[in-house]
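Taking it in order: structure first as structure tokens, then the write-up.
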């Protein structure tokens, strides 16, 4: 069974109790064929998982689940500052075992000895060094200097040596 | 994919992470471990795919204990 390390980028606008926030995430996850379908386990952020019939369906479900987690956090927050704190805690909560599995999977891929499933192999490839994990949570009022060039499309990349 | 019920999850947590609590949110259940960690994406339905329980147990560091209660994870 192969584990596939992926990286992704999302940007969302989240409304809460009297605030509007822009949340940009550069994340990590592990896609795994198991139990007759595909599972995707969050690494950054860690407390989230989803599944699908294909790797891309699993990723689409993961993406939707991530957004719904942000919506739950926004609903609980009394202010932007509280939402920012909760979103950053969600992102940074450690899962050392999953991080270790992600690193081992990346090393295995880098050796070239792993047969990569076609739909994964067709993804854009990028070196993790070029895609640091991060989260940015800003109030929309501080995003007034943004331009169209700052738009961030959803992006899924296979972590591999560039 | 195998499924498990929320009552099985509650029994497992009582044994493997005593003191943990579960709160229903609009989209998910939040599970609060006494060590401060929060699992934010446990499905809100009565039955759920075991991968969610597997992930939560790994996140809390209780996977081996959890397997004794819900072997399918």
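The values are calculated or read from the model by the stated rules, or taken from the named source; none is laboratory data. Here the structure is a predicted model, which means the values were calculated and not measured. FYI the Cβ positions are ideal-geometry reconstructions off the backbone, even for glycines, and counts take in every protein chain you see.
What to note about this one:
- Reported count of residues in region A:1-17, each being assigned to a strand (DSSP E or B) and in contact (Cβ under 8 Å) with a residue 60 or more places away in the chain, is 11.
- When restricted to residues that are at pLDDT 90 or above and surrounded by 12 or more Cβ atoms within 10 Å (Cβ to Cβ), region A:126-147 contains 11.
- Pairs with Cβ under 7 Å, 6+ apart, first in region A:64-79 and within 7 Å of another protein chain (Cβ to nearest Cβ), second surrounded by 22 or more Cβ atoms within 10 Å (Cβ to Cβ) and in a helix (DSSP H, G or I): A:69/A:90
- The residues of region A:105-124 that are part of a helix (DSSP H, G or I) and either touching a helix residue (DSSP H, G or I) at 6+ places or on another chain (Cβ under 9 Å) or within 19 Å of residue A:55 (Cβ to Cβ) (or both), listed by number, are A:105, A:106, A:108, A:109, A:118, A:119, A:120, A:121.
- Subset of region B:58-73 (residues that are at the interface with chain A (Cβ under 10 Å from one of its Cβ atoms) and in contact with a helix residue (DSSP H, G or I) (Cβ under 6 Å, 6 or more places away or on another chain)): B:58, B:63, B:72
- For residue A:35: the one exception among (1) in contact with a helix residue (DSSP H, G or I) (Cβ under 8 Å, 6 or more places away or on another chain); (2) surrounded by 18 or more Cβ atoms within 10 Å (Cβ to Cβ); (3) within 12 Å of chain B (Cβ to nearest Cβ): (2)
- Once region A:45-63 is narrowed to residues that are modelled with pLDDT under 95 and not in a loop (DSSP other than H, G, I, E, B), the residue that is nearest to the other protein chains (Cβ to nearest Cβ) is A:55.
- Here region A:109-118 is the region considered, the condition is being surrounded by fewer than 15 Cβ atoms within 10 Å (Cβ to Cβ) and touching a residue at least 60 places away in the same chain (Cβ under 8 Å), and the residue that is farthest from residue A:43 (Cα to Cα) is A:115.
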